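*Asks:* One structure coming up, written as structure tokens, with questions to follow.
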Amino acid sequence: MKKLLSLPGIILVLSFLILPSFAQERDFCWKDTSTRGIGTIPQTCETGRDRIGLLCYTKCAPGMKRSGFDCHSVCPDGLRDDGLFCRAAEYGRGAGYPWKFGDAAFSLDGARQRCASENPQGCEQDGAIIYPKCKPGYSAFGCCLCRPTQPNCSALGLNPGVDLSCAKKVTIGDPVPGVCGSQEQRDAGLCYSKCPNGFNGVGPVCWEKAPAGWVDCGMGAAKDSFTCAKIVANQVVSVGNLALTIGSLGTSTSLTAGLSAPAKASRLAKLTQEFTKLKTQWDVLQKTNQNVKTAVTAFKAANAGRQGYVAMETLANATTEEDMVRMAAQIAAILDPSGAASVVAAYTYPKCSKYFPNQ
């Protein structure tokens with residue numbers, strides 16, 4: 001396997017055949033990028049919003065006040081604030097004025113006089129006790145309480161309630177991120193410096209826009225949508241990774257000699273599964289990528305006369321571990337003869353700035 005991966009003849013042939021062909025096509029290029037630092041949390045809110053913690057909430061409307069993250073009704077004058085309710089509360093009118101020692105026998109006139117002198121609204125008798133009359137709008141409830149008339153909740157701007165209580169209106173908080181400065185751009189809730197002209201920001205990275213007349217193609221740009229689809233489909237990262245995965249399983253006698261029969265069977269089953277995926281993707285790649293076709297032809301021509309070389313057509317039907325690994329090694333050698341780049345075909349395109357230096 002080492003001999004196949006490091007053949008200087010393969011490297012030389014592929015370097016001349018593959019690299020120039022990609023560079024000359026001018027149908028695809030990688031976008032230039034620049035970084036713009038780590039994003040920061042927006043520090044200000046837009047007009048009409050209050051900042052609470054890290055987020056901004058719509059200001060409360062007139063007649064409402066903030067309670068936590070939400071806005072609640074302010075209880076009108078004369079109504080007691082009971083949390084989520086506003087209540088027209090009762091009040092007590094005291095213990096009253098009973099007969100006391102020194103008053104005329106069997107007469108409450110003295111008690112009535114004492115009550116009247118302290119309560120200009122008047123007094124009334126309940127049982128054997130004289131009580132102050134209730135304020136206007138209130139009526140006696142039992143001996144000692146004055147209850148107001150039931151409030152008109154709707155007229156007071158409140159929701160219907162229970163008994164003498166009206167439910168407050170509640171506006172649920174609507175948190176949104178803050179706003180960024182005039183020289184910043186918000187992305188995913190964070191503020192970043194604006195990108196230079198001709199670049200679009202995605203998080204901390206500014207990506208160059210596609211050259212005029214070309215289309216965006218992920219991290220790259222292509223001359224048209226069809227070319228974009230073709231280039232992306234023909235990038236052979238997955239094929240190269242599969243080849244290296246299979247080749248790294250190590251099937252030499254020294255590595256497998258100690259394995260039991262069940263272990264060897266399990267290993268072979270896993271290797272066969274991976275090899276089947278590799279063969280399927282490799283067949284598609286050879287049909288769709290002209291540069292790979294050229295590389296395969298060059299590889300065959302350079303190795304056909306070497307001792308130990310097995311034609312790829314024969315290896316396509318490999319059933320043993322050794323043959324599968326040898327096949328994977330040959331594919332790896334074709335896609336990446338130098339062993340340095342992941343995939344020659346995918347990374348030999350230049351930056352767009354080299355094709356279009358003045359844009």
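*Asks:* I'd like the residue in the range 280-296 that is touching a helix residue (DSSP H, G or I) at 6+ places or on another chain (Cβ under 8 Å) and closer than 17 Å to ALA328 by Cα and, out of all such residues, is surrounded by the fewest Cβ atoms within 10 Å (Cβ to Cβ).
*Replies:* LYS293
*Asks:* Quickly run through the range 142-171 and pick out the residues that are polar (S, T, N, Q) and either farther than 8 Å from CYS86 by Cβ or surrounded by fewer than 18 Cβ atoms within 10 Å (Cβ to Cβ) (or both).
*Replies:* THR149, GLN150, ASN152, SER154, ASN159, THR171
Here's the yes/no breakdown for (1) touching a residue at least 24 places away in the same chain (Cβ under 8 Å); (2) more than 28 Å from ALA188 (Cβ to Cβ); (3) not in a loop (DSSP other than H, G, I, E, B):
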| position | (1), (2), (3) |
| --- | --- |
| SER34 | yes, no, yes |
| ILE38 | yes, no, no |
| TYR57 | yes, no, yes |
| PRO62 | no, yes, no |
| LYS65 | no, yes, yes |
| PRO76 | yes, yes, no |
| ASP81 | no, yes, yes |
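*Asks:* Taking the stated definitions as given, is GLN121 part of a loop (DSSP other than H, G, I, E, B) and either of a type in the set (Phe, Trp, Tyr) or over 29 Å from THR47 (Cα atoms) (or both)?
*Replies:* Considered against the rule, which asks whether it is part of a loop (DSSP other than H, G, I, E, B) and either of a type in the set (Phe, Trp, Tyr) or over 29 Å from THR47 (Cα atoms) (or both), GLN121 comes out as yes.
*Asks:* What do you reckon, is CYS195 under 30 Å from CYS352 (Cα atoms), modelled with pLDDT of 90 or more and buried (at least 17 other Cβ atoms within 10 Å of the Cβ)?
*Replies:* In short, yes.
*Asks:* Here is a further query. Which of (1) surrounded by 13 or more Cβ atoms within 10 Å (Cβ to Cβ); (2) over 30 Å from CYS56 (Cβ atoms); (3) among the charged types (D, E, K, R) does ASP70 not meet, given it meets every other one?
*Replies:* That leaves (2) as the condition not met.
*Asks:* Conditions: (1) of a type in the set (Gly, Ala, Ser); (2) touching a Leu at 6+ places or on another chain (Cβ under 8 Å); (3) not assigned by TED's automatic domain parsing to the domain that holds ASP77. ALA167 meets all but one. Number of the miss?
*Replies:* (3)
*Asks:* If I filter the range 40-53 down to residues being in contact (Cβ under 8 Å) with a residue 40 or more places away in the chain and assigned to a loop (DSSP other than H, G, I, E, B), which single residue comes out as surrounded by the most Cβ atoms within 10 Å (Cβ to Cβ)?
*Replies:* My answer is PRO42.
*Asks:* List pairs: first in the range 125-145 and at pLDDT below 90, second among the acidic types (Asp, Glu), Cβ under 9 Å, 6+ apart or cross-chain?
*Replies:* PHE141/GLU90; GLY142/ASP126; CYS143/ASP126; CYS144/ASP126
*Asks:* Within the range 111-118, does at least one residue satisfy the condition of being more than 30 Å from GLN43 (Cα to Cα), assigned by TED's automatic domain parsing to the domain that holds TYR57 and in a loop (DSSP other than H, G, I, E, B)?
*Replies:* Looking for residues that are more than 30 Å from GLN43 (Cα to Cα), assigned by TED's automatic domain parsing to the domain that holds TYR57 and in a loop (DSSP other than H, G, I, E, B), one finds none in the range 111-118, hence no.
*Asks:* Is there any pair with a first residue in the range 83-109 that is assigned to a helix (DSSP H, G or I) and a second that is among the acidic types (Asp, Glu) whose Cβ atoms are under 8 Å apart and which are 6 or more apart or on different chains, and what are they?
*Replies:* ASP109/ASP103
*Asks:* Given the condition more than 26 Å from the chain's Cα centre (by Cα), closer than 24 Å to ARG112 by Cβ and at pLDDT 90 or above, answer yes or no: does some residue in the range 157-172 qualify?
*Replies:* no
*Asks:* Out of GLY201, GLY181, GLY173, GLY189, I need the residue that is on the phi > 0 side of the Ramachandran plot and of a type in the set (Gly, Ala, Ser). Which one?
*Replies:* GLY189 is the lone residue from the list that is on the phi > 0 side of the Ramachandran plot and of a type in the set (Gly, Ala, Ser).
*Asks:* Still on this structure, I have one more. For the range 123-134, indicate whether the set of residues that are crowded, with 17+ Cβ neighbours inside 10 Å, touching a Pro at 6+ places or on another chain (Cβ under 9 Å) and hydroxyl-bearing (Ser, Thr, Tyr) is non-empty.
*Replies:* No, the range 123-134 contains no residue that is crowded, with 17+ Cβ neighbours inside 10 Å, touching a Pro at 6+ places or on another chain (Cβ under 9 Å) and hydroxyl-bearing (Ser, Thr, Tyr).
The values are calculated or read from the model by the stated rules, or taken from the named source; none is laboratory data. All values derive from a computational prediction rather than experimental measurement. Here the Cβ is made from the backbone with ideal geometry for all residues, glycine too, and neighbour counts use every protein chain on show.
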